[in-house]
Amino acid sequence: MVPSFKDRLQAINPEYETFDRLQTLQVNLGNLCNLHCSHCHVNASLRGTEVMGEEVMSQIARFFEYHSDLTLDITGGCPEMNPGFRYLVEQTDGLARRRLLRSNLAIMAEQEWEWLPEFCGSHGLTIIGSLPCYLEDNVDRQRGKGVYRKSIQVLKRLNSLGYGTELELNLVYNPGGDNIPVPQQGLEVAYKAELQARHGIVFNRLFTITNAPIGRFRQHLETSGSYAEYLRLLAGRFNPEAAGNIMCRTLISVDWQGKIYNCDFNQAMGMPITTDDGSEITLSQLGKVGLSGKKIRLAQHCYCCTAGEGSSCTGALVA
């Protein structure tokens, strides 16, 4: 038996179970993707049918007109494949304090998508690119044959446009299997040395993210009979120092229909934020509903955010 994550969090500090203040609005443009990664928590693929439309994107832009001090975090799936991707970026120009694009990188090397690097640079987007290893075999095993070479091609192109120097370029590491990332700081040093030596590539930061036991990764764990063991591993490495910094205290996730969640993992699990009477809250209502002090919806998958050094969309939570 794995102890309740909610109980563990409450035992440290009851405030950690409540939403603090909004700093980041993370927008998931849907589950359409050019890749079929083994760890994907939203089961994204070319068959994805959940695609955010321009009506919801317009609501996002209007929201930022009144909350320009926030960060806009654009994710997916492969967010660039959403037909309205250009529209969202253009409509939010100059509105957010910072805009992040979470990219699988390989999409920028695909035919008809070569315009993406220049587009992102011209709009000042920070790019957070997935590269689960600096070795080709490991990346292709997790993400598909040929993905590593495409990613390296794109990273070189981004460097030529000033990414990694004048423009911010961060990379994301996630384990290839059912284990917890090694310390982020040391791995970042290794990544920078290896990518520079092998390909002449530079970047700003490396974020280590623990695989959440949901979606396609959970299916893998259950098929291999290691789901319970992985949960025990996460719970056994529970780090109280990471507990107070969990991203769901300052982040709200928006799905393709405009419904809001405490995080992208809860979105994938179908656990929306609701009013006291159980009604789902949409982005259009967010400005009218007070979330500060509201209880966060927690479940056992939340252990992935507090294991080891902790894990969030911007990497480790403790040094």
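Each value in this text was obtained by applying a stated rule to the coordinates, not by laboratory testing. The structure displayed is predicted, hence computed values, not measured ones. Cβ placement follows ideal geometry from the backbone for every residue including glycine, while neighbour counts extend to all protein chains displayed.
Residue ranges 171-184, 55-68 sort as 171-184, 55-68 when ordered by packing (mean number of other C-beta atoms within 10 Å per residue, highest first).
Looking at the square roots a ≥ b ≥ c of the eigenvalues of the Cα gyration tensor of the stretch 1-134, which shape do they give, rounded for a/c under 1.5, prolate if a/b is larger than b/c, or oblate? It comes out oblate by the Cα gyration axes. Projecting label points 7 angstrom from Cα along Cα→Cβ for H36 and Q285 puts them 3.8 nm apart. Using the Cβ-Cβ distance between Q10 and E54 with R0 = 41 Å, the FRET efficiency computed as 1/(1 + (r/R0)^6) comes to roughly 0.50. For N34, nonlocal amide neighbours, meaning residues 5 or more places apart or on other chains whose placed amide H falls under 5 Å from its own, are C78. Spin-label model, A228 to L135: label points 7 Å out along the Cα-to-beta-carbon direction sit 3.2 nm apart. For the stretch 166-319, a Kirkwood radius taken over Cα pairs fed into Stokes-Einstein (4 °C, viscosity 1.567 mPa s) yields D = 76 µm²/s. Taking the square roots of five times each eigenvalue of the Cα gyration tensor of the stretch 92-177, the equivalent ellipsoid has semi-axes of 23, 14, 11 Å, listed largest first. The simple Förster model, with R0 at 35 Å and r as the Cβ-Cβ distance, assigns E118 and A190 a FRET efficiency of 0.70.
Listed by chain and number, the lysines whose C-alpha is less than 28 Å from the C-alpha of K145, apart from same-chain residues fewer than 8 away, are K156, K192.
Hey, what D do you get for the chain in µm²/s if you plug the Kirkwood alpha-carbon radius into Stokes-Einstein at 4 °C and 1.567 mPa s? D, rounded to a whole number, is 65 µm²/s.
Overall size of the stretch 80-228 from C-alpha positions, given as principal axis extents largest first: 47, 36, 31 Å. When only alpha carbons are used to place a centre, the stretch 159-174 and the stretch 120-143 end up 10 Å from one another. Backbone geometry of the stretch 258-271 corresponds, through the Karplus equation with coefficients 6.51, -1.76 and 1.60 at θ = phi - 60°, to 3J(HN,Hα) couplings of x, 6, 10, 9, 6, 6, 5, 5, 4, 4, 5, 8, x, 10 Hz, x marking Gly and Pro. For the pair R205 and R86, the difference between a 0.36 nm per residue extended length and the Cα-Cα distance amounts to 40.3 nm.
Counting only Cα atoms, the stretch 35-111 measures 38, 26, 22 Å along its principal axes, largest extent leading. For A299 and E241, the FRET efficiency from 1/(1 + (r/R0)^6), where r spans their Cβ atoms and R0 equals 30 Å, is about 0.90. The Rg/Rh ratio for the stretch 68-127 is 0.94, where Rg is the radius of gyration of the alpha carbons and Rh is the Kirkwood radius.
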